[in-house]
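The numbers here are math on the coordinates, done by the rules we state, and not lab data. Here the structure is a predicted model, which means the values were calculated and not measured. Neighbour counts run over all protein chains shown; Cβ positions are idealised from the backbone, glycine included.
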Amino acid sequence: GSKGLSAAHVFIAGMQDGTLPRDRNAIQPIEAKKFLVALTRTRKHCHILFSTNIGGQRPKRSIFLDWLKGAMKRESYVDKKYFE
């Protein structure tokens, strides 16, 4: 349904292990496809969101983030102090 569609800003949420991908040691092709399709639908900026605390657990960042070159990334840490 998204064939040929694109957007200036694309947001990808849930980019932590256990969500996308569910298991970093057994990545499913559909998981990689979802990530790559979201990236290629971006015209200006792709905002990738991941949580560092889910119910008291500390998940690792998605292994997919390692696929992006350093110059392509800019990281921001957002917590309640960010909004004060």
field: the chain: Lys pairs at Cα distance under 22 angstrom, eight or more positions apart or on different chains
entry: 16
- prompt: What is the local net charge at Q28, summed over the other residues whose Cβ is closer than 15 Å to its Cβ (Lys, Arg +1; Asp, Glu -1)?
  reply: +1
message: Please give me, ordered by residue number, the trypsin sites (Lys or Arg not before Pro) of region 1-71 that lie in loop per DSSP and have at most 10 other Cβ atoms within 10 Å.
response: K3, K69
message: Could you work out the relative contact order of the chain? I mean the mean sequence separation of Cα pairs under 8 Å and 6+ apart, divided by the number of residues, in percent.
response: 37 percent
